[in-house]
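Notes to accompany the following structure.
The values are calculated or read from the model by the stated rules, or taken from the named source; none is laboratory data. In this text, all values refer to a predicted model and were calculated from it rather than measured experimentally. For neighbour counting, all protein chains shown are included, and Cβ atoms are generated from backbone atoms with ideal geometry for every residue, glycine included. Note: areas computed on protein heavy atoms with side chains; ligands, DNA, RNA excluded. Shrake-Rupley method; radii C 1.70, N 1.55, O 1.52, S 1.80 Å.
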Amino acid sequence: MILFDLEYYRPVSALEAIQLFNRLEREGKQPSYLSGGTEHASFGRSNKKDKKVIIDLKDIPECRALRSEDNHLVLGSALTLTELTENNDFPLLSKAAIEVADHMSRDKITLGGNICGQVFYREAVLPFLLTDSKVMTLSAKGTNYYSIHEVFNQKLHLKNGEMLMLLLTEKRYLKQPFASIKVREQWDKGYPLVTVSAIEVDGEIRVAFSGICPFPFRSKMIESALNNQQLSDEEKVHQALQHLPQPILDDIDYRKFVIHHTLLDILTMLRCH
């Protein structure tokens, strides 16, 4: 049962969504864009979410793009995680997405919904951080392109009224060696602990994390330690763990233990490619 009053809109074009957002704001309301829906439902049931004006983007064709364009793979923010895993044009993203929640939830959770969500895992953003992807947004002032690193720092930072439409990834990254491991409390089942995704580009390992801190992140200092060829794998991982950002979530020692062994597995997997 949803415990908040809901004013719900489902525009059929990006322009309509932007115009609707601006009109609702002029009326003194506080609209928010919605790509997925599962979080609004779960927060509503627990009475933790009080936003009452929702603009659903799932019917907007521009937000459902899935195409090759010049040197990029273009993915719309309203694509579901199931659609992404079934397409598999971006294998690292497919691997990260298929580990999110269960199959029924992945049918509803969208790419944009996961990246912009309130929960701290948001595993779908990791492949985009690793591939220096771009995001395309739309606002009343027009279209904007950003590097993912410009707008994602712990969470996605967009201007008021700005709508996430597309994510663009250079094709050269799509076939690079990669590894992605999600560890749960009971391994195959249970509460998720951490996710580590990695890719090898020009002989260098890039790595991004979810579940260690209250936000996903990629760390150049951790990557520098992991790419230090003067060190053994154990030494690389030991140095990498010195650069974890704060705060670390609960069970700090256990999470560090899990990360330590997961990073060793990641290094082994990439070496075997």
Q: Determine the sum of side-chain charges near Tyr254: Lys and Arg each +1, Asp and Glu each -1, restricted to other residues whose C-beta is under 15 angstrom from that of Tyr254.
A: -1
Q: Just name one of Ser197, Ala97, Leu156: the one whose Cα is farthest towards the positive end of the charge dipole of the chain (beta-carbon charges, Lys/Arg +1, Asp/Glu -1).
A: Leu156
Q) All other residues with a Cβ under 12 Å from the Cβ of Phe152 taken together, and with Lys, Arg as +1 and Asp, Glu as -1, what is their net charge? A) +2
Q. Which of Gln229, Gln176, Gln154 moves most in a GNM of the chain, Cα contacts under 10 Å?
A. Gln229
Q | Kirkwood hydrodynamic radius of the range 168-273, from inverse mean 1/r over distinct Cα pairs, in Å | A | 14.2
Q | the range 168-232 versus the range 69-125: alpha-carbon centroid distance in Å | A | 16
Q. For the range 167-273, which whole-number percentage of the solvent-accessible area (1.4 Å probe, protein heavy atoms only) is attributable to carbon and sulfur atoms?
A. 51
Q: May I ask you to compute the full-extension gain from Val201 to His103, defined as 0.36 nm times their residue separation minus their alpha-carbon distance, rounded to one decimal in nm?
A: 32.2 nm
Q: Sum up the lysine pairs in the range 76-182 that clear both bars: alpha-carbon distance under 28 Å and a spacing of 8 or more or different chains.
A: 23
Q) Any idea what log10 I(q)/I(0) is at q = 0.07, 0.13, 0.16 Å⁻¹ for the chain, Debye with uniform C-alpha scatterers and no solvent? A) -0.26, -0.87, -1.25
(Q) I'd like to check one number: the per residue accessible area of the range 109-193, probe 1.4 Å, reported in Å² as a whole number. (A) 46
Q: Using just the helices of the chain, give the 222 nm mean residue ellipticity in deg cm²/dmol: DSSP H runs with n ≥ 4 each add -39,500 (n - 2.57), and the total is spread over all residues, rounded to 500.
A: -9000 deg cm²/dmol
Q.
With equal scatterers on the alpha carbons only and no solvent term, can you work out the Debye log10 of I(q)/I(0) for the range 155-213 at 0.15, 0.22 1/Å?
A. -0.71, -0.96
Q) Between Gln229 and Gln246, how many nm apart are label points set 7 Å from Cα along the C-beta direction? A) 3.6
Q. Of Ala198, Ala225, Ala124, which has the largest mean-square fluctuation in a 10 Å C-alpha GNM of the chain?
A. Ala225
Q: Would you look at the GNM of the chain, springs on alpha carbons closer than 10 Å, and say which of Ile252, Ile212, Ile55 moves the most?
A: Ile252
Q) If packing is taken as the mean number of other Cβ atoms within 10 Å per residue, what is the order of 72-84, 23-35, highest first? A) 72-84, 23-35
Q: For the range 80-188, compute Rh as the Kirkwood radius over C-alpha pairs and then the Stokes-Einstein diffusion coefficient at 4 °C and 1.567 mPa s; write the answer in µm²/s, rounded to an integer.
A: 88
